[in-house]
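Let me begin by presenting the structure, written as structure tokens, before commenting on it.
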Amino acid sequence: MAFSGFHVVFGYVGGSGREDQVDLFAQAVSSETLTSAGTTTIRAPGPKNGYGDPVAVIRSSVDAWISIGPSPADPALTTTTRELVPAGVRVDRFVDPGDYIRWAAA
């Protein structure tokens with residue numbers, strides 16, 4: 001079955017334990033798939049010893065506009081600072097602890 005919707009995974013960047021290799025995504029903390037436009041109910045994690053900064057890994061089955069923040073603005077509005085997430089493309093973003101992601105179809 002093909003993926004459908006908008007999927008977000010929050011986690012951390014960090015090392016793999018080997019000095020010669022660093023993984024971008026070290027640990028997943030939470031994930032959510034939204035089937036219609038809206039805001040995630042999960043949010044970016046806070047600091048954790050031994051891991052780097054919080055990140056979001058985003059995938060969408062349709063072209064989507066996103067906004068990120070503690071109370072993200074409506075990305076469907078052209079006056080909003082927003083970013084395009086092309087369908088089928090993995091997008092990794094650094095986020096601040098407590099951030100949510102809001103999306104709307106492009």
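Rule-based calculations on the coordinates, nothing more; no lab input. Remember, predicted model here, so these are calculated numbers, not experimental data. Note that we place each Cβ from the backbone using ideal geometry, even for glycine, and neighbour counts take in every protein chain shown.
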- Query: Of T41, T79, A28, whose Cα points farthest to the positive end of the dipole of the chain (charges on the beta-carbon: +1 Lys, Arg; -1 Asp, Glu; origin at the Cα centre)?
  - Reply: T41
- Message: Taking the number of other C-beta atoms within 10 Å as the exposure measure, put I66, I101 in order starting with the fewest.
- Response: I66, I101
- Message: Suppose each label sits 7 Å from its Cα in the direction of the beta carbon; what would the T78-T41 distance come out to in nanometres?
- Response: 3.5 nm
- Message: Here are labelled values, (i) 1.85; (ii) 1.00; (iii) 1.17, and one is the computed Rg/Rh (Cα atoms, Kirkwood Rh) for what I pasted. Which one?
- Response: (ii)
- Task: Please give the net charge around F3, taking every other residue with its beta carbon less than 13 angstrom from that of F3, where Lys and Arg add +1 and Asp and Glu add -1.
- Result: +2
